[in-house]
Amino acid sequence: MKIRNIILYFIGSLAICSCDDMFEPADENTRSEDVMYDESKYAHGLLIYGYDRLPYMTTTQTDIATDDAVTNLKSSEYQDMAKGAWSSEKNPMSQWDGCKDAIQYINLFLTKVEDVRWAPSAVSKQHMFADRLKGEAFGLRALFYYYLLQAHGGYADDGELYGVPLLTLRENVSSDFNQPRATFAACVKQIFADCDSAVALLPQNYEDIKSADEIPQKYIKYGAQITGYNLVFGAKARNLMSGKIAEAIKAQAALLAASPAFREKSGVTSAEAATLCANVLKRIGGMEGFDKTGNIWYKNTKMLNPEAAEMPEILWRADRSKDANQERDNFPPSLYGNGRVNPSQNLVDAFPMRNGRPISDPNSGYDPKNPYANRDPRLADNVIYNGMTFRRSVIITGTYPTDKNEIEDNLNCISTSTRTGYYLKKLLRDDVSPLASSLLEQPHIYPRIRYTEIFLAYAEAANDAWGPTGDPNGIGFTAYDVIKAIRERAGLATNEVGAALPEGDAYLEECAKDQSKMTELIRNERRLELCFENKRFWDLRRWQMPLNEGVRGVQIDRDDKGNLSYTIIDVEERVFDSSYQWYGPIPKSEVLKWSNLKQNKGWQ
């Protein structure tokens with residue numbers, strides 16, 4: 001939810017609880033902390049600061065620092081990082097300042113929340129507001145520590161796996177700021193505890209109730225009524241931290257901790273991570289809740305509109321916004337875009353054939369002279385390739401003009417042309433016009449957590465713990481079941497008219513008999529399903545996969561007879577050092593400032 005909408009909601013919900021005029025200026029510009037006890041909106045501002053620092057990106061950015069994409073924006077700090085400029089002094093992936101600042105405000109809020117008069121005239125509302133706001137604070141603190149671990153957790157020279165300084169109490173001018181990093185395991189334990197605290201205080205979903213029987217007993221004893229309960233925990237609070245979101249954050253943290261880069265000393269096993277992911281998925285009925293159109297949620301224009309219901313694919317999202325920013329950045333230049341994110345040949349090659357087999361499989365039927373024929377339908381959903389029709393225009397990314405003699409979409413033609421032979425399609429609306437003179441904006445949303453991500457996390461952890469088809473704890477579905485559903489949703493193992501192949505998904509069945517092959521398949525499915533959602537950078541590191549795979553593209557030429565030829569080209573070298581850059585650095589300025597703060601191994 002945008003910070004503006006959070007504030008508007010809270011102002012409205014507390015209007016009946018306080019008679020103070022929030023717009024009346026104070027006599028002085030400085031106000032003491034004691035003021036917040038009587039002015040609930042002032043106190044709530046501390047929590048709002050946490051929401052304002054949510055670490056989610058709403059555009060495709062970090063993928064251009066991986067093997068999935070490059071950018072034509074020469075000033076991109078992510079591109080500089082991928083080409084060798086990543087350091088402890090220049091780190092666009094850092095979460096240090098934003099997350100630590102947010103945690104400080106949340107810790108201060110938690111010391112005050114019980115004493116603030118949230119509803120002076122209603123005992124039940126006082127207790128409900130205090131509980132909800134505490135729950136939000138615990139959930140947000142867990143989220144910020146998760147992002148800090150992801151960006152800064154790692155091994156120091158002493159061989160210990162560290163997280164970040166673990167602060168759960170407010171600091172003041174007399175505090176000792178020279179704090180050492182807690183172990184990674186201790187940080188994970190704190191994240192789990194905060195998530196559990198949030199779940200205990202928050203509803204799973206914010207929904208209006210219609211019967212007093214739905215009011216929790218702990219509030220009935222204070223005289224809670226339906227209207228009061230709905231004011232605090234009702235539908236207007238949607239998109240605030242909730243019980244289901246806190247459970248999902250716990251599951252994400254567990255998957256990180258159980259990954260190859262951290263599992264040795266994190267204290268979390270793959271079995272535990274799988275169970276925590278399953279707990280989230282059971283809330284929607286397990287595989288029964290799997291959204292059959294969740295892979296193209298961004299195309300569902302009816303559901304993107306502000307008045308639409310919640311999408312079954314989206315567990316938590318940013319607020320809907322009406323704009324043309326994504327399209328302006330990423331449409332091909334012939335459609336008045338800047339073509340910023342250029343998918344790589346590496347990623348295109350990761351999409352299998354429609355029969356489900358990798359293009360490297362001799363039985364796949366892949367034809368390098370006709371490389372986009374009979375491919376996984378997700379390729380056309382996510383990537384604009386040569387000859388594709390988009391917004392009623394044929395996009396030519398080769399080296400030859402269209403019938404209209406347009407060449408700006410051609411490979412390396414102008415500064416906004418593709419560098420790889422591909423343009424981004426995912427997340428874009430084809431009914432948007434980014435041209436200033438005929439601007440047409442449309443509603444967009446950006447998911448913070450998708451259910452597909454949790455399904456894939458479960459599959460990864462479950463396969464690692466129990467194998468492709470193992471389910472020793474009676475969860476009710478396996479890694480195989482999840483990947484089968486994802487590939488069926490994508491349209492794999494079908495012919496061109498969508499009918500199932502007689503042999504079914506033969507490649508999946510092969511992988512189901514081999515845990516290592518299933519691991520590779522799950523990782524590839526995650527790559528495809530979550531591409532351009534800022535996941536790949538972190539996945540490569542937690543999996544400890546090679547980081548130096550150069551980015552490739554394709555040059556497509558046409559001869560005098562109209563025949564096309566495809567030549568794979570090198571586009572951009574990746575300069576990462578896997579001996580230590582699986583783990584991000586602690587900011588150098590902080591290490592120089594505080595003697596107890598150990599740097600991760602390899603970073604200066």
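The values are calculated or read from the model by the stated rules, or taken from the named source; none is laboratory data. Since we're looking at a predicted model, the values are computed, not measured. Here the Cβ is made from the backbone with ideal geometry for all residues, glycine too, and neighbour counts use every protein chain on show. The accessibility values were calculated without ligands, DNA or RNA, using every heavy atom of the protein model including side chains. Shrake-Rupley method; radii C 1.70, N 1.55, O 1.52, S 1.80 Å.
Table for the structure above
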| item | result |
| --- | --- |
| Among residues of the range 95-136, those that are closer than 30 Å to K535 by Cα and more than 30 Å from the chain's Cα centre (by Cα), counted | 0 |
| Matching residues in the range 434-468 - criterion: being of a type in the set (D, E) and surrounded by fewer than 21 Cβ atoms within 10 Å (Cβ to Cβ) | E441 |
| Qualifying positions in the range 187-224 - among the hydrophobic types (A, V, I, L, M, F, W, C), open to solvent by 40 Å² or more (accessible area, probe 1.4 Å) and more than 24 Å from the chain's Cα centre (by Cα) | A200, A212, I220 |
| Among (1) open to solvent by less than 40 Å² (accessible area, probe 1.4 Å); (2) among the basic types (K, R); (3) within 23 Å of E264 (Cβ to Cβ) - the single one R141 does not satisfy | (3) |
| Test: residue in the range 422-433 that is of a type outside the set (D, E), farther than 24 Å from N330 by Cβ, surrounded by 23 or more Cβ atoms within 10 Å (Cβ to Cβ) and in contact with a Pro (Cβ under 9 Å, 6 or more places away or on another chain) | no |
| Single condition P443 does not satisfy, out of (1) more than 31 Å from the chain's Cα centre (by Cα); (2) farther than 21 Å from I568 by Cα | (1) |
| In the range 368-398, the residues that are open to solvent by 70 Å² or more (accessible area, probe 1.4 Å) and not hydrophobic (A, V, I, L, M, F, W, C) | P368, K369, N370, N374, T389, R392 |
| Residue match in the range 469-481 (condition: at pLDDT 95 or above, open to solvent by 40 Å² or more (accessible area, probe 1.4 Å) and not in a loop (DSSP other than H, G, I, E, B)) | yes |
| Residue within the range 490-502 that is touching a helix residue (DSSP H, G or I) at 6+ places or on another chain (Cβ under 7 Å), open to solvent by 20 Å² or more (accessible area, probe 1.4 Å) and in contact (Cβ under 8 Å) with a residue 12 or more places away in the chain present | no |
| Test result for E160, in contact (Cβ under 8 Å) with a residue 12 or more places away in the chain, among the charged types (D, E, K, R) and more than 21 Å from K265 (Cβ to Cβ) | no |
| Subset of the range 537-570 [over 27 Å from the mean Cα position of the chain (by Cα) and either within 30 Å of G584 (Cα to Cα) or aliphatic (A, V, I, L, M) (or both)] | V554, I556, L564, I568, I569, D570 |
| Residues satisfying the stated conditions in the range 318-339, i.e. assigned to a loop (DSSP other than H, G, I, E, B) and modelled with pLDDT under 95 | A318, D319, R320 |
| Flag for S415 being more than 22 Å from D557 (Cα to Cα), in a loop (DSSP other than H, G, I, E, B) and small (G, A, S) | no |
| Filtered residue count, the range 434-468, keeping only those that are within 26 Å of N325 (Cβ to Cβ) and either modelled with pLDDT of 95 or more or not β-branched (V, I, T) (or both) | 19 |
| Hits in the range 172-185 - residues which are modelled with pLDDT of 95 or more and open to solvent by less than 40 Å² (accessible area, probe 1.4 Å) | N178, R181, A182, F184, A185 |
| Filtered residues of the range 60-109 (kept if closer than 30 Å to K425 by Cβ, not in a loop (DSSP other than H, G, I, E, B) and not charged (D, E, K, R)) | T62, I64, A65, A69, V70, T71, Y78, Q79, M81, A82, G84, A85 |
| Selected residue [touching a helix residue (DSSP H, G or I) at 6+ places or on another chain (Cβ under 9 Å) and either part of a loop (DSSP other than H, G, I, E, B) or closer than 16 Å to L424 by Cβ (or both)] from N342, N370, N346, N386 | N342 |
| Filtered residues of the range 225-261 (kept if outside any helix (DSSP H, G or I) and open to solvent by 10 Å² or more (accessible area, probe 1.4 Å)) | Q225, R238, N239, P260 |
| Hits in the range 289-313 (condition: of a type outside the set (V, I, T), over 20 Å from the mean Cα position of the chain (by Cα) and closer than 14 Å to R429 by Cβ) | K302, N305 |
| Complete set of residues in the range 44-94 that are surrounded by fewer than 23 Cβ atoms within 10 Å (Cβ to Cβ), farther than 16 Å from K535 by Cα and of a type in the set (G, A, S) | G45, S75, S76, G84, A85, S87, S88 |
| Looking only at the range 575-604, and only at residues there that are touching a Gly at 6+ places or on another chain (Cβ under 6 Å) and not hydrophobic (A, V, I, L, M, F, W, C), the one that is least open to solvent (accessible area, probe 1.4 Å) | N600 |
| Test result for P362, closer than 19 Å to V70 by Cβ and either without any contact (Cβ under 8 Å) to a residue 40 or more places away in the chain or open to solvent by less than 10 Å² (accessible area, probe 1.4 Å) (or both) | no |
| Residue that is farthest from E441 (Cα to Cα) [pool: residues in the range 297-349 that are among the β-branched types (V, I, T) and in contact with a strand residue (DSSP E or B) (Cβ under 7 Å, 6 or more places away or on another chain)] | V348 |
| Test: residue in the range 139-150 that is part of a loop (DSSP other than H, G, I, E, B) and of a type in the set (D, E, K, R) | no |
